[in-house]
Amino acid sequence: MKSTTDKVALLICVAFTAAQLVILALFGYTPYPDSDGYWLLAEDSLRHGEPYPVVSKLHEMRFLWNIGAVQLPELSLFLFGSITPLLVVYSILKGFTAWLLYDITKNILKTSLISYSTFYAPRSTFHALIPLILYILYPANYGESTSLLSELPFTFFMMLAVCCFVRRKFFLSGILLAVGNWIRPFGLIFLSAFILVWIIESIIHKKGNSAPCSTLHAPRLLLSYLLTLALIGSINYARTGLFFYQATTGWMSLTEYGYSLQGKTIQIEDADQYDILEKDAVWRKYFIRWIKENPKEYLREVPLKIARTYVSDNVNMCAFLPDKAERTYLYEELSMRSLKKDFPCYTAVQTLTVCNLAFYFLLWFLALAGCVTLIRRRNIRPLVLPLSVLVCGTAFLALAGHGETRFHIPFMPFVILLAGYSFLYCPLKNEKNRLD
């Protein structure tokens, strides 16, 4: 039976979902370049009567884009002749993601909190409302479901995988990781984070902590993850003759980014002779060669890529732009350069963007305060999972990414979770040292 706090959280999530649907109805589709790209590929695949990627184009394609992010709108177009039903589903998934944040927080605190005689320890279910409230107050969480970008469905599946992980449902967690990876190839980040959690948990357990060690369950998660990838790859192999289970944009993006730093462009000679997997291997070869020739430049770019990833949070505000369908460049008005140039004479959407930026930086400040709060009390266990995700995600983007603001979106629920910890030891009436 759900507690009163659970019911309150559920009502909040329902209201949050309803707000997503209202925004979708009022502001309509947002034509981000990648979103339009997914839509066009979905329509092209339908014309050929097969799922993306089209077999006859495997040699024409420069790379394989996010498979699930194309196949989902293709399914919506096939069933309904429109992407609107999918956007409605995305709005609902956004609401479920809010609930998952609440549930993850609640379960982490139930298993991780340590009571101290000199502090008031809040009930874990009550405290779990704080990250949820921060999540729904965060302006960037509105309007995301007005496009086909891959971040929203990917984040939902990753949060569902994390929820299963926290609940010790490791086999199911591995399956969900692989499904999310099918939409956006960031599954390895969360798999690495889970492994890091296991390593730290083992160390804590060996030092005599009473918390159960889940390291022995690691093979179940890894097995289910690999089996699901194998299943996805086998289905694609049966249809196309090529074994693939995720996008192949990584090596190409890294190679082009590296050579662009020197003002150069690079292409694959006789590209039509290679299929998408062979092209991916060529891009990998080019990138490894570039690193060997430019190791200092590669390392010099690492902090810059981190800065570009986290410096701003303006992307989702594009959903509220007027006449967005007619704009040639959607991000111009909301870029940091434009906000600086137009100050203080802002449009309504620019004002909203500045408020969102202020909230974004506040979340990071509160996240830091939350870390300090728990470290000072020598209670690091609630920090392990969210910090593992942020560390692994940042390292992955710094070493194997090219630095883009959108890339930090799947990590924001964990920043918000940490931000909620800053309120962890606030007194709650006279409920001393009580946990649910």
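A Förster distance of 45 Å, applied to the separation of the beta-carbon atoms of PHE80 and ALA271, puts the FRET efficiency at 0.80. Here ARG327 and ALA25 are evaluated by their C-beta separation; at R0 = 30 Å the FRET efficiency comes out at 0.90.
Can you tell me how much longer the chain between ARG239 and ALA395 gets when fully stretched, taken as 0.36 nm per residue apart minus their C-alpha distance, in nm with one decimal? Walk me through the numbers on the way to the answer.
Working: separation 156, 0.36 × 156 = 56.16 nm, distance 3.53 nm.
Here the answer is 52.6 nm.
Can you tell me how the stretch 1-54 classifies by the Cα gyration tensor, rounded, prolate or oblate, using a/c under 1.5 as the rounded cut? Prolate, because a/c is 1.5 or more and a/b exceeds b/c. Taking only the alpha-carbon positions of the chain and ignoring solvent, what does the Debye formula give for the base-10 log of I(q)/I(0) at q = 0.06, 0.10, 0.12, 0.14 Å⁻¹? After summing over all Cα pairs, the log10 values are -0.27, -0.77, -1.12, -1.48.
Beta carbons within 10 angstrom, averaged per residue: use that to sort the peptides 277-290, 95-108, highest first.
On the way: 277-290: 17.4, 95-108: 23.1.
Peptide ranking by packing, descending: 95-108, 277-290.
Checking the a/c ratio against 1.5 first, then a/b against b/c, what shape does the Cα gyration tensor give for the stretch 1-116? Working shown, then result.
Numbers: a/c = 3.32, a/b = 2.03, b/c = 1.63.
Prolate.
Measuring how big the stretch 318-359 is from its alpha-carbon positions, Rg and Dmax come out at 10.0, 29 Å. Between the C-alpha center of the stretch 304-323 and that of the stretch 214-283 there is a gap of 27 Å. Straight-line cross-link partners of LYS279 among the aspartates and glutamates, defined as a Cα under 12 Å from its Cα and at least 8 positions apart when in the same chain: GLU60, GLU269, ASP270.
Say R0 is 51 Å: what FRET efficiency, to the nearest 0.05, do GLU293 and ARG377 get from their beta-carbon distance? Efficiency computed from Cβ-Cβ geometry: 0.55. Listed cross-link partners LYS57/LYS264; LYS110/LYS206; LYS264/LYS305; LYS94/LYS340 are compared with a 24 Å cut-off, the Cα-Cα value being larger for LYS57/LYS264; LYS94/LYS340.
With a simple spin-label model that places each label point 7 Å from the Cα along the Cα-to-Cβ direction, the separation between ALA369 and ARG62 comes to 4.6 nm.
Give me the extension gain from LYS2 to CYS355: residue separation times 0.36 nm, minus the current Cα-Cα distance, reported in nm with one decimal. Mind showing how you got there, number by number?
Working: separation 353, 0.36 × 353 = 127.08 nm, distance 3.52 nm.
Gain on extension, LYS2 to CYS355, equals 123.6 nm.
With the simple model of a label 7 Å out from the Cα in the direction of the Cβ, VAL55 to THR249 spans 2.6 nm.
Between SER202 and VAL302, what length in nm is gained on full extension when 0.36 nm per residue of separation is reduced by their alpha carbon distance?
Values: separation 100, 0.36 × 100 = 36.00 nm, distance 3.06 nm.
Extra length available between SER202 and VAL302 comes to 32.9 nm.
Every read-out reported here was derived from the displayed coordinates using simple, explicitly stated rules and does not represent laboratory data. Note that the structure is a prediction, hence the values are computed from the model and not measured. Virtual Cβ from ideal backbone geometry, glycine too; neighbours counted across all protein chains shown.
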